[in-house]
Amino acid sequence: MAQIAVIGAGYVGLTTAACFAHLGHDVVCADIDEKRVTSLSKGEVPIVEAGLDAMVQENLELGRLRFVLGAGNAAGDAEFAYLCVPTPQGEDGSADLSYIETAARQIGPVLPAEAVVINKSTVPVGSTRAVERVLGRDDVAVVSNPEFLREGSAVPDFLNPDRIVIGSDDQSAAVRVASLYIGVTAPIIVTDPPSAETIKYASNAFLATKISFVNAIAAVCEAVGADVKDVVLGMGYDKRIGHEFLKPGPGWGGSCFPKDSRALVHIAESAGYPFDLLKGVIAVNEEQFQRVVEKIRAMAGGTLEGTPIAVWGLTFKARTDDTRDSPAVRIATLLAEHGAVVKAYDPAAKGEFAGVEAAADPYSVCEGAEVLAVLTEWDEFRWLDFDKVAGLMATPRVVDGRNLLNRHALERRGFAYTGIGH
Ligand SMILES: NC(=O)c1ccc[n+]([C@@H]2O[C@H](COP(=O)([O-])OP(=O)(O)OC[C@H]3O[C@@H](n4cnc5c(N)ncnc54)[C@H](O)[C@@H]3O)[C@@H](O)[C@H]2O)c1
């Protein structure tokens, strides 16, 4: 079993650290956030991710997982060092590599000879070489091993991935990285670093494209009187298309798709290819936020100024507490900018959002509301007492931004209902 350092204890780093420890490796996970390191060392997991708490606690007890402050303190004995730090969007849309470079600078001097540094962060083409330069170590190989986990199912995704991608010019380093996944059954694609880096961006951009496409089809359905729910069912049974990511909604968001799609446009343009298709995908997504706001405005009778609106859902999707670039937050704050009085409930979201009053339960936000907007697909929203909701609202009207609720059941209870594309 290997000695692994994981740099960054966020959604990807913490999952990587816990899962490698679960597979039997000795893992030291570093972060720069002292509070986070202290709570993790006590087994307290600061993010919502099914199964992660138990896995962290179990491996702390077994002594296979430790948390330390600072990347340099994790790397001294590491045979492998995984970089799982942020790569946010820079001002020009490109990926900001400063966290990666800082982490590489911190571990470079302390890594043992023959160590392998692995980029798990989503990084643009050329970053493997950039990390090599920053490390300045001829005896240390740098490998790309992008992560494809989904928040909300990060642990099962890590342990049961669709594929493992390894990008390296050094065959023996690639084989060593592949061997870390012993116990995981998945196809392993070994390629060169630029191809591995491109696979990650292309995959996210393709998924974003699928969602923008289906949101555009939903708009067509509304215009021609078709029902998008049946349309996507009919499309999805075609094996070449598939059902996944073919659900219309309020637009895509989260910590990856927005920055990664813009980064890919930037990568392509810097290399001389104007990626108009992907620019269109991004534009359709921006329009989708506005379309949902307009649906809510129309449902409210034409004006948002001074109108009480109840919002259910703030996270960018269900089963996570992550609100980074969340379409729900974007729409809720747009409603507030248009003068609406917005009260929101979300079972997991933390933090404050401009113009949005957060409440601790789904019913209180409905008191006196003119419209209820459902913006995240939390399953619990389906099973609430809609007679009670109708009684609390000024007028029982729902804009279902996720097509989550049962239109007919709501209409029977006297609600006016509109979804996306039907
Ligand atoms: N979140 C996802 O679903 C997901 C999926 C696949 C890939 N990715 C990619 O993985 C990377 C990390 O994403 P994330 O969501 O885990 O980010 P995150 O913000 O949740 O976590 C990053 C962590 O790194 C820490 N950090 C920053 N600099 C550090 C340093 N020098 N030393 C130690 N720790 C440091 C931060 O304090 C933070 O806790 C990004 O490139 C992202 O695009 C994310």
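The values are calculated or read from the model by the stated rules, or taken from the named source; none is laboratory data. Every value quoted in this text rests on a predicted model; they were computed, and no experiment measured them. Backbone-built Cβ (ideal geometry, glycine too); neighbour counts: all protein chains shown. Accessible surface is based on the protein model in full, side chains and every heavy atom, while ligands, DNA and RNA are left aside. Shrake-Rupley method; radii C 1.70, N 1.55, O 1.52, S 1.80 Å.
Being away from the ligand (no atom under 14 Å from the Cβ) and either open to solvent by 20 Å² or more (accessible area, probe 1.4 Å) or more than 23 Å from the chain's Cα centre (by Cα) (or both) is true for just one of 54, 78, 5. Which residue is that?
54
Restricting to region 330-345, name every residue that is open to solvent by less than 30 Å² (accessible area, probe 1.4 Å) and either farther than 27 Å from residue 86 by Cβ or within 16 Å of the ligand (Cβ to nearest atom) (or both).
If the condition is that a residue be open to solvent by less than 30 Å² (accessible area, probe 1.4 Å) and either farther than 27 Å from residue 86 by Cβ or within 16 Å of the ligand (Cβ to nearest atom) (or both), then 335, 336, 339, 340, 342, 345 are the ones that fit.
Restricting to region 346-363, name every residue that is surrounded by fewer than 21 Cβ atoms within 10 Å (Cβ to Cβ) and of a type in the set (Asp, Glu).
352, 357, 361
Go through region 177-190 residue by residue and tally those that are open to solvent by less than 30 Å² (accessible area, probe 1.4 Å) and not hydrophobic (A, V, I, L, M, F, W, C).
1
Can you tell me which residue is farthest from residue 291 (Cα to Cα) among those in region 302-328 that are of a type outside the set (D, E, K, R) and within 16 Å of the ligand (Cβ to nearest atom)?
Here is the first cut: in region 302-328, the residues of a type outside the set (D, E, K, R) are 302-304, 306-316, 318, 320, 323, 326-328.
Retained after the next criterion (residues that are within 16 Å of the ligand (Cβ to nearest atom)): 315-316, 318, 320, 323, 326-327.
On the way: 315: 19, 316: 17, 318: 21, 320: 25, 323: 20, 326: 16, 327: 12 Å.
Result: 320.
Restricting to region 135-154, name every residue that is hydrophobic (A, V, I, L, M, F, W, C), open to solvent by 10 Å² or more (accessible area, probe 1.4 Å) and within 13 Å of the ligand (Cβ to nearest atom).
Listed by number, the residues that qualify are 148, 149.
For residue 339, work out the one condition from (1) under 24 Å from the mean Cα position of the chain (by Cα); (2) in a loop (DSSP other than H, G, I, E, B) it doesn't fulfil.
Every condition holds for residue 339 apart from (1).
Considering only region 222-264, how many residues are crowded, with 18+ Cβ neighbours inside 10 Å, away from the ligand (no atom under 16 Å from the Cβ) and within 21 Å of residue 204 (Cα to Cα)?
7
Hey, can you tell me all the residues within region 101-133 that are among the charged types (D, E, K, R), within 13 Å of the ligand (Cβ to nearest atom) and within 23 Å of residue 178 (Cβ to Cβ)?
Passing the criteria: only 120.
Could you list, in sequence order, all residues of region 243-268 that are hydroxyl-bearing (Ser, Thr, Tyr) and not in a loop (DSSP other than H, G, I, E, B)? I'd like the intermediate steps shown before the answer.
Step one: filter region 243-268 for residues hydroxyl-bearing (Ser, Thr, Tyr), giving 255, 261.
Passing the criteria: only 261.
For residue 114, indicate whether it is acidic (Asp, Glu), open to solvent by 50 Å² or more (accessible area, probe 1.4 Å) and in contact (Cβ under 8 Å) with a residue 40 or more places away in the chain.
No, not satisfied.
Given (1) surrounded by fewer than 17 Cβ atoms within 10 Å (Cβ to Cβ); (2) touching a Gly at 6+ places or on another chain (Cβ under 8 Å); (3) not hydrophobic (A, V, I, L, M, F, W, C), identify the lone condition not met by residue 169.
(2)
Go through region 24-47 and give me each residue that's open to solvent by less than 30 Å² (accessible area, probe 1.4 Å) and either outside any loop (DSSP other than H, G, I, E, B) or more than 10 Å from the ligand (Cβ to nearest atom) (or both).
Within region 24-47, 24, 25, 27, 28, 29, 30, 31, 37, 39, 40, 43, 45 meet the criteria.
Given the criterion closer than 19 Å to residue 248 by Cα and not in a loop (DSSP other than H, G, I, E, B), identify the matching residue among 389, 399.
399
Which residue, of 98, 94, is under 21 Å from the mean Cα position of the chain (by Cα), within 14 Å of the ligand (Cβ to nearest atom) and in contact (Cβ under 8 Å) with a residue 24 or more places away in the chain?
94 is the lone residue from the list that is under 21 Å from the mean Cα position of the chain (by Cα), within 14 Å of the ligand (Cβ to nearest atom) and in contact (Cβ under 8 Å) with a residue 24 or more places away in the chain.
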